[in-house]
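Report on the following structure.
The values are calculated or read from the model by the stated rules, or taken from the named source; none is laboratory data. Quick caveat, the model's predicted, so the values are computed rather than measured. Cβ sites come from the backbone with ideal geometry, for glycine too, and all protein chains shown count toward neighbours. Surface areas here come from the heavy atoms of the whole protein model, side chains and all, with no ligands, DNA or RNA. Shrake-Rupley method; radii C 1.70, N 1.55, O 1.52, S 1.80 Å.
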Amino acid sequence: MQRLLYIIFISFFFIVSCAKKKPSGILSDSEITEILTQASLIDAYLNTLPLDSGRKVMPVLYDNLFKEFKIDSMQFKQNLDFYYGNPVLTEKIYTNVATELMQYERNIRQEDSVRNAFVTDSIRRVTRIQMLDSERRNLTTNYYRDNSTYNYKTNG
């Protein structure tokens, strides 16, 4: 019985001593997920710009990101080093980042489809008005007189 308690006691200390604790200054999982999501959006925007414009805009965008989350680039690098050191946490965080980015894309597609439906409806309306106008012009310019006589006997 004492051996069993002794083994349980030692295994408990091994488990507790092996568990990694977050050092001070490390952000929570949700905060680092938000930061990495915003950084992915910034990188996507920078990929649409020409190279020289991207180099001018990049520091400003990342400074605004760091100000928003009240960190600096060194703290960001320390957070990345900590989370990259634990593959399970890294996979969990990047799964959350991918989910948030898909949600952004879903929202944008939905807004875009509503906008496209409005534009398509407007284009149909304009096309119909143009067709009616061309028919009206055709009726007024291409008027052919009927030379036959109309009387009651023949048409009665």
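Top to bottom by accessible area (1.4 Å), largest first, where do TYR62, TYR104, TYR83, TYR45 land? Intermediate values should be presented prior to the final figure.
Numbers: TYR62 45, TYR104 90, TYR83 5, TYR45 110 Å².
So, going from the largest accessible area down, we get TYR45, TYR104, TYR62, TYR83.
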Subject >> Inter-centroid distance (Cα atoms) of the stretch 18-96 relative to the stretch 105-128, Å >> reply: 35
**OP:** Check the straight Cα-Cα distances from LYS22 and name the lysines below 17 Å, setting aside those fewer than 8 residues away within the same chain.
**Re:** LYS77, LYS92
Original post:
Suppose every K and R has +1 on its Cβ and every D and E has -1 on its Cβ; what is the size of the dipole of the stretch 91-156 about the Cα centre, in Debye to the nearest 20?
Top reply: 500
